[in-house]
Amino acid sequence: MTTLQGSSASRTGALGATALPAAALPPDLVDAIRDEQSLRRFLAGLPGVDPVGLEQRSAGLATRSIKKASKLAAIDLAISMVDLTTLEGSDTPGKVRSLAAKARRPDPDVPGTPSVAAVCVYPDMVSCAAEVLRGSSIGIASVATAFPSGRSALPIKLADTRLAIESGATEVDMVIDRGAFLAGNYGKVFDEIVAIKQACGTTRLKVILETGELGTYDNVRRASWLGLLAGGDFIKTSTGKISPAATLPVTHVMLQAVRDWYDRTGERRAVKPAGGIRNTKDAIKYLVAVREVAGDEWLDPFLFRFGASSLLNDLLMQRRAQTQGHYSGPSYVTVD
Amino acid sequence: MTRKKAEPVDDTAPARVPVAKTYKLYVGGAFPRSESGRTYQVTTDDGTFAANAAQGSRKDGRDAVVAARKAHGGWASATAYNRGQVIYRIAEMMEGRRDQFIELVRTGEGVAEDRAASSVDAAIDRVVHYAGWTDKIVAVFGGMNPVAGPYFCITSPEPTGVVAAVAPQDDSLLGLVSVILPIITSGNTAVVVASHARPLPAIALAEVLATSDLPGGVVNLLTGDAAEIMPHLASHGDVNALDLTGCDEELGTSLAQAASGTVKRVYRPRAGQDFADAPGTGRLRAFLEQKTVWHPTGAVSLSGGSAY
Amino acid sequence: MTHLDWEYAPAPESAAIGRIKERYSMFVGGKFVDGRGEDLKTVNPATEEPLAVVSTASTADVDTAVSVARKAYDDVWSRMPGAERGKYLYRIARGIAERARELAVVETLDNGKPIKESRDGDIPTASAHFFYHAGWADKLEHAGYGPAPHPLGVAGQVIPWNFPLLMAAWKIAPALAAGNTVVIKPAETTPLSILVLAEIIADADLPPGVVNILPGAGDVGSALVNHPGVDKVAFTGSTAVGRAIQASLAGTRKKLTLELGGKAANIVFDDAPIDQAVEGIVNGIFFNQGHVCCAGSRLLVQESVADEVLAKLRARVSTLRLGDPMDKNTDIGAINSREQLDRITALANVGDEEGAERWTSPCPVPERGFFFPPTVFSGVSQSMRISREEIFGPVLSVLTFRTPDEAIAKANNTPYGLSAGIWTEKGSRILGMASALRAGVVWSNTFNRFDPTAAFGGYKESGFGREGGRAGLGAYLQEEN
């Protein structure tokens, strides 16, 4: 594999493992990843983000009033987009099995409730989830690459990734090296993503930017492009271990990035906000942003996910309220 | 107008024939004749011939506007400190010509020597007063606006542009200075029609200005009849404001009317102002525009900014 | 997998909240009285259906109102301590806030603007204007107009239809704070919200005659501003009418402030935060259907990013939802009147004739009501009428420039000078541009922000005098020499 950080003699593209063959990239993007200097220039040349304008637009979209049939449709869509997550040191096979069961049948009392998109667990818990989900279409996402800090050597990250995939993961959620990113070492970040992507093969790769550690929206935009250029199938906001986790404006920047990527390449990449999205009202605000920033086509679990745990139960309660005509309570939805 | 002959003092000694003065306009830092070639006789208050003055025309007014516009950019963008120094220098030079000004005011207005002297002193002091305003205007009339949102918002005064003014007809130096200085202090440039009957202090002032550090074109002094010159300036598309202090009621109204065609700012104080009174800020403010500039302040960090 | 076809269900605010009455009257001397002018029917521009009948003033009613205002000035208001005046203004601010939802509905029904704008913009800002100015009433000696500033007397005020209640607040609040009394005429097509404000004023026990409201057409406005009993005239509206008022007041010593038209340049440099710039462009011209005197109706975009900006702009404009103003999700409501719709249509047609390239948002346009879809003209040059004349509608003209000097030259190349926008991440360029632009309000990396504390008003033919902030008080106080 050629890498951006390789010797100056080998500055040919490093895109062998990305979703899009380098040949299909427009010339300026091929140019962007020719070597580390080019990448740095490209990322630095991205238009800045004005925080106030961004947050204002996000807040404006958040005032959309979603009622009645469109609310029910939004709830069902949101449920189908959930990556039902448990990422705790205290996770046990029992916990993961019950989570997986919930993913399959989120609301056993209410037939017709959609199942979630995936469960999301640590690599050593993947096999446990796989047992329960065998035969279903529900994905098994595993965090990898020394999650959540990413502070380890590449071979260990690769081994972590292989463990997840060999255990049955259908999606890998990697973390970028934020230290390298903040040090301006974009080539290292890029190469790691490329390496992990290669290890993933056909398994879809989510690139966690950990936006809460990036400090600025400008950095979120740069990291988004870095993740896209390096071949990430998803760009994902957060590990859930750092505050702030997902926010609407941050997700807005990332949705804009995949929209811009599509406009330049014709290829649709996915976005996953994770952490901090706890109720239906919030989820619907995200869906509005998906629709109006990225576009209708992204209203699809293939292209948008929620990384969440408690969100699902609120969606289920709201779904009951919509279908049954009265508010539900926490005692009526399962705790898993 | 009849030329009153000066009485010969001594029949036997040959009298020195004084050099009759014919003055010109002051436009763009130069002293051109009126393009019309016309002059008119100026007499002292008792009717004695004093000088010939140029009778400015419509075209002279137009040339003066061109000069004032040309000078505006540099004068408006000069530092306030620099404008203050330039204006203070005017006062210094007026002080040097104090006796001449007193003589012109005394004979032109027909007032006693001490009255003329106090008027000239007040005029010089008024220039000093405005020299000190240049670097206070923005602080005094502008300021930060504490808007209810994440914005840096500031309102700051700027000069309006080119101001055409009619100087007071009676108070020929103090009144003139009291009109000109608040216009130029903030960075405007001026086209001023001097008192028709008493233009000589204005002409002397032009000589002061021409040899001072004031850039040419910042003040343009026309002599002649305001009723002839001003209508063209009132409707002129490159004049931003009018000061009608020296107009009579009828002329003032017709000029104010003409000014509406281009929505000019019009300053028209009530008649009978005593220029010896301490100046307020009304005249200064009359030729200022307030510009409000907004910019987002924004969150410096993601955690600080958003509540979503 | 296929994506979900997700449409927002209609989310209409209830019209009943507006409690629209069948008939409204003038407010004179603290009472609601029928005027002697001909009744007018106000129409909901979104449906073309009549909303209410409004009694209008005659010339004789103008006389009455001015003399009532004079009496209130002489006997009560000019003698009242500032602190007491201020408390009345605070009451009015609170009253507006308490009836905010009702006022928003009334405003949207009468004007056609989206409910989200009246709800989140017009009404709260109107309340904020009274709250801000209330605080000035007992602090005028600190406002920079001399140690003992004095009010002018009776203010005759004429306001437009684009922000009916907000413009009323902009006019009434500073006048009252400074100690003047008011006779105000709302626009013919939008008289309702100010008459609800009259109820709030009455409920606040404001002394009778301090505020008098005379609905009517231009003749009432003309009679008002020319009335010899009026000491101060404040007008917001078209430059043509502003000129006429200035001319007719030339022989008087009435103090005049004018807030007139505009043709603002919104200047986007190649190093702008492009996505926020696109938002700013959209907000600049499509906010309030473009019925904004300070609208960013001329987009000046640096040629090197023109294609990118235009593509993003079109994509963004395509997401704007045009339709029922009462729907909380509507971004663009109705044009206020048939007359204005005709004017916008005619000027847009001129754009076609002049060879500009018209792009229209693909949004569906309701069959009933006065609607004009968001429109962007590209390939526009300075000489075209659409880049010189105020269209006062959702029509944007796009021009390009190469250098900052060219941008300044083009931006200033207009008789107007109300507002301007600058988009660049380079701080020194912002400050340099802001000082070079001949406009009373310069928004950098934002657009269409308003605040009671911030002076607003024009250069050149966009008018003179300021509204808001310390500078705005000057319009209602006597000048020092």
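The values are calculated or read from the model by the stated rules, or taken from the named source; none is laboratory data. Just so we're clear, the structure is a prediction, and the values are computed from it rather than from any experiment. As a convention, Cβ positions derive from the backbone with ideal geometry for all residues, glycine included, and neighbour counts pool all protein chains shown.
For the range B:143-157, taking the residues that are within 8 Å of chain C (Cβ to nearest Cβ), in contact with a helix residue (DSSP H, G or I) (Cβ under 8 Å, 6 or more places away or on another chain) and crowded, with 21+ Cβ neighbours inside 10 Å, the one that is nearest to B:L244 (Cα to Cα) is identified as B:T155.
The rows are residues; the columns are (1) within 14 Å of chain C (Cβ to nearest Cβ); (2) under 18 Å from A:S70 (Cβ atoms); (3) at pLDDT 95 or above.
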residue: A:L287; (1), (2), (3): yes, yes, yes
residue: A:E292; (1), (2), (3): yes, yes, yes
residue: A:G295; (1), (2), (3): yes, yes, yes
residue: A:L299; (1), (2), (3): yes, yes, yes
residue: A:R305; (1), (2), (3): yes, no, yes
residue: A:L315; (1), (2), (3): no, yes, yes
residue: A:Y327; (1), (2), (3): no, no, no
residue: A:S331; (1), (2), (3): no, no, no
residue: A:D336; (1), (2), (3): no, no, no
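What is the residue count in the range B:214-233 for residues that are within 17 Å of the chain's Cα centre (by Cα), surrounded by fewer than 24 Cβ atoms within 10 Å (Cβ to Cβ) and either under 25 Å from B:A197 (Cα atoms) or acidic (D, E) (or both)? Total satisfying the criteria: 1. Restricting the range C:442-481 to residues that are surrounded by 24 or more Cβ atoms within 10 Å (Cβ to Cβ) and of a type in the set (K, R), the residue that is nearest to B:G149 (Cα to Cα) is C:R466. What are the residues in the range B:164-188 that are over 8 Å from the mean Cα position of the chain (by Cα) and either under 17 Å from B:V27 (Cα atoms) or basic (K, R) (or both), if any? Those that are over 8 Å from the mean Cα position of the chain (by Cα) and either under 17 Å from B:V27 (Cα atoms) or basic (K, R) (or both): B:A164, B:V166, B:N188. As a summary of the residue check, C:R343 satisfies the conditions (1) surrounded by fewer than 21 Cβ atoms within 10 Å (Cβ to Cβ); (2) within 13 Å of another protein chain (Cβ to nearest Cβ); (3) in contact (Cβ under 8 Å) with a residue 12 or more places away in the chain except for the one numbered (2). Out of the residues in the range B:158-179 meeting the condition of being touching a strand residue (DSSP E or B) at 6+ places or on another chain (Cβ under 6 Å) and away from chain C (no Cβ under 14 Å), tell me which one is farthest from B:A276 (Cα to Cα). Checking each candidate, the answer is B:A164. For the criterion of being surrounded by fewer than 22 Cβ atoms within 10 Å (Cβ to Cβ), farther than 30 Å from C:K41 by Cα and without any contact (Cβ under 8 Å) to a residue 60 or more places away in the chain, C:V309 fails.
Give all pairs with beta carbons closer than 6 Å in which a residue from the range C:428-443 that is more than 7 Å from chain B (Cβ to nearest Cβ) and within 26 Å of C:L258 (Cβ to Cβ) meets a residue that is among the polar types (S, T, N, Q) and assigned to a helix (DSSP H, G or I); count only pairs at least 6 apart in sequence or on separate chains. Here the result reads C:R438/C:N412, each pair linking the range C:428-443 to a residue that is among the polar types (S, T, N, Q) and assigned to a helix (DSSP H, G or I). Looking at the range B:245-252, is at least one residue surrounded by fewer than 23 Cβ atoms within 10 Å (Cβ to Cβ), in a loop (DSSP other than H, G, I, E, B) and within 14 Å of another protein chain (Cβ to nearest Cβ)? Within the range B:245-252, one or more residues are surrounded by fewer than 23 Cβ atoms within 10 Å (Cβ to Cβ), in a loop (DSSP other than H, G, I, E, B) and within 14 Å of another protein chain (Cβ to nearest Cβ).
Kindly indicate whether any position in the range C:271-292 is within 14 Å of chain A (Cβ to nearest Cβ), assigned to a loop (DSSP other than H, G, I, E, B), touching a residue at least 24 places away in the same chain (Cβ under 8 Å) and surrounded by fewer than 24 Cβ atoms within 10 Å (Cβ to Cβ). Yes, the range C:271-292 has at least one match. Among the numbered conditions (1) over 16 Å from B:L176 (Cβ atoms); (2) of a type in the set (A, V, I, L, M, F, W, C); (3) under 18 Å from the mean Cα position of the chain (by Cα), the only one that B:A117 does not meet is (3). On the stretch given as the range C:1-28, residues that are outside any strand (DSSP E or B), more than 14 Å from chain A (Cβ to nearest Cβ) and crowded, with 19+ Cβ neighbours inside 10 Å total 3.
If you check C:P215, C:P124 for being under 26 Å from C:V106 (Cα atoms), under 19 Å from the mean Cα position of the chain (by Cα) and touching a residue at least 40 places away in the same chain (Cβ under 8 Å), only one passes: C:P215.
The residue pairs whose first member lies in the range B:272-288 and is at the interface with chain C (Cβ under 8 Å from one of its Cβ atoms), whose second member is at pLDDT 95 or above and in a helix (DSSP H, G or I), and whose beta carbons are closer than 6 Å, counting only pairs six or more residues apart or on different chains, are B:R283/B:P182.
Every condition in (1) in contact (Cβ under 8 Å) with a residue 60 or more places away in the chain; (2) within 16 Å of the chain's Cα centre (by Cα) is met by A:L255 except one, and the failing one is (1). Checking the structure you have, find out if any residue of the range A:131-138 is in a helix (DSSP H, G or I), touching a Lys or Arg at 6+ places or on another chain (Cβ under 8 Å) and surrounded by 17 or more Cβ atoms within 10 Å (Cβ to Cβ). Yes, the conditions are met somewhere in the range A:131-138.
The residues on offer are A:A62, A:A44, A:A73, and the sole one that is farther than 25 Å from C:K312 by Cα and either within 13 Å of chain C (Cβ to nearest Cβ) or out of contact with any Pro (no Cβ under 7 Å at 6 or more places or on another chain) (or both) is A:A73.
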